[in-house]
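Data block below; observations after.
What follows is calculated from the coordinates using simple rules that are stated; it is not laboratory data. Note that the coordinates shown come from a computational prediction; the quantities given were computed from them, not determined experimentally. Neighbour counts run over all protein chains shown; Cβ positions are idealised from the backbone, glycine included.
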Amino acid sequence: MSYSVKVLDHYENPRNVGSFGKEEEGVATGMVGAPACGDVMKLQIKVGKGGVIEDAKFKTYGCGSAIASSSLVTEWVKGKTIDQALDIKNTQIADELALPPVKIHCSILAEDAIKAAVADYKKKHSEQVSA
Amino acid sequence: MLKLPIYLDYSATTPVDPRVAEKMIPYLVEKFGNPASRSHSFGWEAEAAVEEAREEVARLVNADTKEIVWTSGATESNNLALKGAAQFYAGKGKHLVTVKTEHKAVLDTCRELERQGFEVSYLDVRDDGLLDLDMFQAALRPDTIVVSVMLVNNEIGVIQPIAEIGEICRARGILFHVDAAQATGKVAIDLAALKVDLMSFSAHKTYGPKGIGALYVRRKPRVRLNAQMHGGGHERGFRSGTLPTHQIVGMGEAFRLARLEMGAENERIRMLRDRLLKGLSDIEHVYVNGDMERRVPHNLNISFAYVEGESLLMAIKDLAVSSGSACTSASLEPSYVLRALGREDELAHSSIRFTLGRFTSVGGHRLCDQAPARQDWPLARTLAAVGNGAGRC
Ligand SMILES: Cc1ncc(COP(=O)(O)O)c(C=O)c1O
Ligand code: FES
């Protein structure tokens, strides 16, 4: 199996690798694993005024497709509101990266990471409001 | 010039040795006769070539030519040996014993035999990849008819104690099959001494062509098999089908060269393997999978903790190697061989198999000159250890 130019580009020049400081304002974390292959992905978002995602970072232990999918979504979520980010579907990721069929679950992992990060943000946020 | 990528996947397959290819070509074009044609010189010429090749295969493993049956490869040999023996001796018992680290060509054949009503025990190995003889002995039953244990493992290169296993089987009247696909040209095989009844061979792991192999079927004491391929009664009824003369000639020449060159070749490869291992050992959290002593020098299987295998392969794209990572397999299962050694999934997931061969050579100094741009990745320095043989530089 050979990968698309886009996967290779994200693999070789991953965007937004790393993590935010734990105490940074508006940071939420989504950590997900793929049961199929055991890979793990961590996506962090930094949410500003009006629920807009100002920045994102990722760390992934996984295959080239998983790394490329997570790198791609850090670019896509930036500038979106958290609700808009939830509209990103794994099929869009898989299309953009031209993933082969066995690698579709890697894009699902990235979609799940967004959902998990947003859920984490909403949880923390509601706690803050109720406090 | 060093050719990139460097091929370090000799256990997947080997290139055909140019000397072998040269010997094959006339049998495609001029000497094209059917070895089964008895009425003219075209057939006689082809038959003579087939028998000369049979002689060479037999010599490499110290067997009689009448004990060598041509097949399409080790997959078919394993199928013929296991199904053929189990079906023929079904009246004696219904139990077979094999090992969890066998090649799929053995394991899936055993699964099929289970569907046909046989019972199979799949034994664990120790964490060094070797079969424990006491555990093996304990698994044998009065109704055990066939045992199958490979000689050299394709993933981790360990050498199973087949001499001892053979003695145990013979003493109990159990047939012993050995998959030796990865062993020819790497370890000495003496079938006059070994108590092995059936042994599978493949040409393309030993610098011969793909699509040809052989099954050794012992004559004394005689082993009987149910044929799996029916037709013209070729190969004394064991395996019908017109013999592919050019392929057979290639396998014969490949096995002849293996016999003559094995000693020197293994020494050279051991030297290269040691250099490669030394280079890799400088990296932290590196683990060798499988015993280092009872192992062919051609294989290094290493887990790089915390790095997923597929993405590691992408980073070392100048090396053609394989990984036990789930992400590289269609089934998304990590290597069952490494799991059988008791490796956690993460370590199986981060394993890389380097296999060296005849055309691997020291070419590092050349590659080092080109490497500075890649110093950022950890395996750069290992490239300094081993290079490709294209120019035998
Ligand atoms: C141990 C072992 N057995 C059997 C086979 C299958 O051999 P062939 O490709 O000749 O069918 C292989 C090759 O992958 C092997 O490594
Ligand atoms: S995430 Fe494991 S195969 Fe892609």
Fewest to most Cβ atoms within 10 Å: B:311, B:39, B:331 sort as B:39, B:331, B:311
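Over chain B, calculate the relative contact order: mean separation of alpha carbon pairs under 8 Å at least 6 apart, over the residue count, as a percent. Mind showing how you got there, number by number?
Details: 821 pairs, mean separation 87.6, N = 393.
So the answer I get is 22 percent.
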Restrict the search to segment B:264-348; then list the trypsin sites (Lys or Arg not before Pro) that DSSP places in a loop and that have at most 15 other Cβ atoms within 10 Å of their Cβ. B:294, B:317
Alpha-carbon Rg/Rh ratio, for the protein assembly as shown, with Rh computed the Kirkwood way: 1.06
Above 41 angstrom, tally the Cα pairs of chain B and express them as a % of all pairs, no decimals. 16
Return one number: the angle in degrees, 0 to 90 and rounded to the nearest 10, between the long axis of the Cα atoms of helix B:104-115 and the longest principal axis of the Cα atoms of chain B. 50
Förster-model FRET efficiency, 56 Å R0, residue B:128 and residue A:81, C-beta, rounded to 0.05: 0.50
As I understand it, the dipole of chain A uses +1 on the Cβ of Lys and Arg and -1 on the Cβ of Asp and Glu, about the Cα centre. Which of A:21, A:8, A:107 lies farthest toward its positive end? A:21
Round to the nearest 0.05 the FRET efficiency obtained for residue A:22 and residue B:100 when R0 = 45 Å and r is the Cβ-Cβ distance. 0.55
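Quote the Stokes-Einstein diffusion coefficient, in whole µm² s⁻¹, for segment B:8-167, based on the Kirkwood radius over alpha carbon pairs, a temperature of 37 °C and a viscosity of 0.692 mPa s.
D, rounded to a whole number, is 177 µm²/s.
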Dipole size in debye (nearest 20) for segment A:1-94 around its Cα centre, Lys and Arg Cβ +1, Asp and Glu Cβ -1? 60
Work out, step by step, the length gained on full extension between residue B:52 and residue B:138: first 0.36 nm times the residue separation, then minus their alpha carbon distance; give nm to one decimal. 26.7 nm
Taking the Cβ-Cβ separation of residue A:123 and residue A:91 as r and a Förster radius of 25 Å, what is the calculated FRET efficiency to the nearest 0.05? 0.40
Determine the alpha carbon to alpha carbon distance for each of B:31/B:104; B:3/B:210; A:59/B:3; B:92/B:205 and list only those over 29 Å. B:31/B:104; A:59/B:3; B:92/B:205
Nearest 5 is fine: what % of DSSP beta bridges in the protein assembly as shown come out antiparallel, could you say? 70
Charged-residue dipole, Cβ positions (Lys, Arg, Asp, Glu), the protein assembly as shown about Cα centre, Debye nearest 20: 1000
Partnerless cysteines, meaning none of the other Cys C-beta atoms lie under 4.7 Å away, in chain A: A:37, A:106
Among B:312, A:51, B:109, pick out the residue whose Cα is farthest towards the positive end of the charge dipole of the protein assembly as shown, where Lys and Arg carry +1 and Asp and Glu carry -1 on C-beta, about the Cα centre. B:109
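Which of the chymotrypsin sites (Phe, Trp or Tyr not before Pro) found in segment B:12-42 are loop residues per DSSP with 15 or fewer other Cβ atoms within 10 Å of their Cβ?
Taking segment B:12-42 and a limit of 15 other Cβ atoms within 10 Å, the loop chymotrypsin sites (Phe, Trp or Tyr not before Pro) found are B:32.
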Full-extension gain between residue B:38 and residue B:286, please, as 0.36 nm times their residue separation minus the C-alpha to C-alpha distance. 83.3 nm
For chain A, place one equal point scatterer on every Cα, skip the solvent, and apply the Debye formula. What is log10 of I(q)/I(0) at q = 0.12, 0.13, 0.18 Å⁻¹? -0.41, -0.48, -0.88
